[in-house]
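All of the numbers you see were taken from the coordinates with simple rules; none came from a lab. None of these values were measured; they are calculated from a predicted model. As a convention, Cβ positions derive from the backbone with ideal geometry for all residues, glycine included, and neighbour counts pool all protein chains shown.
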Amino acid sequence: MLRVEGLQASYGRSQILFDIRLAVGEGEVVTLLGRNGMGKTTTVRSIMGLLPPRAGEIEFNNTRVTGWTPEAVARLGVGLVPEGRQIFPRLTVEENLVATAANRLNRPTPWTLIEVFNLFPRLKERRKQMGRTLSGGEQQMLAIGRALMTNPRLLILDEATEGLAPVIRGEIWACISLLKSRAQSILMIDKNLNVLKRLADRHFVIEKGRTVWSGTTPDLERDAAQVQRYVGL
C-alpha cells in the first residue's frame, strides 16, 4: 500500500532525511522507531506532503505521490493523527469530527459519529464541548476519531500515547488493537516497544535520517540488542 524508497528531506539548508526506506502492506500495522530527533516526524510530514522531499520516491496504492499536496494525499486515503493532536480548539467535539468527514472510497460500512462515539464513549459525553476544554487524553481520542472519520486506507499515528496517563494510554492501545482486528492499515510512531511488539507486524528503525534496521516482530526479538542501541528504550 505505502512504499518509500531513498527519501531525502530538509528544512532549509539543514538536511534531516538521507535515506528512508519503509513499506506498509494492506492490513498491516507497521512501526517507525528511533530516538527523538532521528527523523520520524519529518518522514511522516514528507509522506503527507507537508514537507516536499529533496529526493526519493513515495508511492501509495500504486500511485506515485512524491511532492503531492497534503490535500491530494489525504483524498487518496491517508489519514494523519499528528504529533501534538492539533484539533480545532474553537469547534465542539462533534464539529471537529464532522469537519473533515468523508467516504471517498465508498466503503459500505464507513466510520460515522455513532461509530466513533462507540469507540470513545468519553467523546459522546463531551460532544458539545469545545475542543480546547478537553483533557490531553480526550484531545488525543478526538484526533484519532477525526482521522477515522475520513475513512482512510492508511492511518498514520505520530506519538499517539505520548504524555498520556496510563489509563488513557490503555484506551488508545485498545483502540489500535480493534482497528487492527478490522484490517486497518496503520503506520505508527511510539516509544512503548513492549506494546508495539504485541500489536505490530513489522518494524523500521531510523537513525540520523536513515533506515538502519527493518524486520518482523520475531526479527525484533532476535535482534533486540542491536535495535536497543538505536531506539534507546
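Cα centroid distance between the stretch 177-205 and the stretch 1-74, in Å? Cα centroid of the stretch 177-205 versus Cα centroid of the stretch 1-74: 18 Å apart.
Fewest neighbouring Cβ atoms within 10 Å first, the residues S214, S14, S185 line up as S14, S214, S185.
Rounded to the nearest 20, the size of the Cβ-charge dipole of the stretch 1-100 about its Cα centre is 400 debye, with Lys and Arg at +1 and Asp and Glu at -1. Positive end of the dipole of the chain (Cβ unit charges, origin at the Cα centre): among M188, Q129, Q226, the Cα lying farthest that way belongs to Q129. Dipole of the chain computed with +1 at Lys/Arg Cβ and -1 at Asp/Glu Cβ about the Cα centre; of V93, T161, N62, farthest Cα towards the positive end is V93. Of G163, G79, G25, the residue with the greatest mean-square motion in the GNM of the chain, using alpha carbon springs below 10 Å, is G163.
Each residue of the stretch 59-69 is assigned a 3J(HN,Hα), and the resulting list reads 10, 10, 6, 6, 10, 6, 10, 4, x, 5, 6 Hz, derived from the Karplus form 6.51 cos²θ - 1.76 cosθ + 1.60 (θ = phi - 60°), x at Gly and Pro. For I156, the residues whose modelled amide H falls within less than 5 Å of its own, excluding neighbours fewer than 5 places apart on the same chain, are G79, L80, V81, L187. Within the listed set V195, V205, V29, the residue fluctuating most in the Gaussian network model of the chain (springs between alpha-carbon atoms under 10 angstrom) is V195. Among beta bridges identified by DSSP and lying wholly in the chain, the antiparallel ones come to about 55 percent. Return the single residue from T216, T31, T42 with maximal mean-square fluctuation; model: Gaussian network over the chain, springs between Cα atoms under 10 Å. Judging by the Gaussian network model, the answer is T216. Here the chain has an Rg and Dmax of 17.2, 49 Å, counting Cα atoms alone.
Placing +1 on the Cβ of every Lys and Arg and -1 on the Cβ of every Asp and Glu, with no other charges, gives the stretch 104-151 a dipole of roughly 140 debye about its Cα centre. Rounded to the nearest 20, the Cβ-based charge dipole of the chain about its Cα centre (Lys and Arg +1, Asp and Glu -1) stands at 340 debye. Using the Kirkwood radius built from alpha carbon pairs, what does the Stokes-Einstein equation give as D for the stretch 151-233 at 25 °C and 0.890 mPa s, in µm² per second? D = 179 µm²/s. Multiplying the residue separation of D223 and N192 by 0.36 nm and subtracting their alpha-carbon distance yields 9.5 nm.
Per-residue Cβ neighbour counts within 10 Å put Y11, Y230 in the sequence Y11, Y230, beginning with the fewest.
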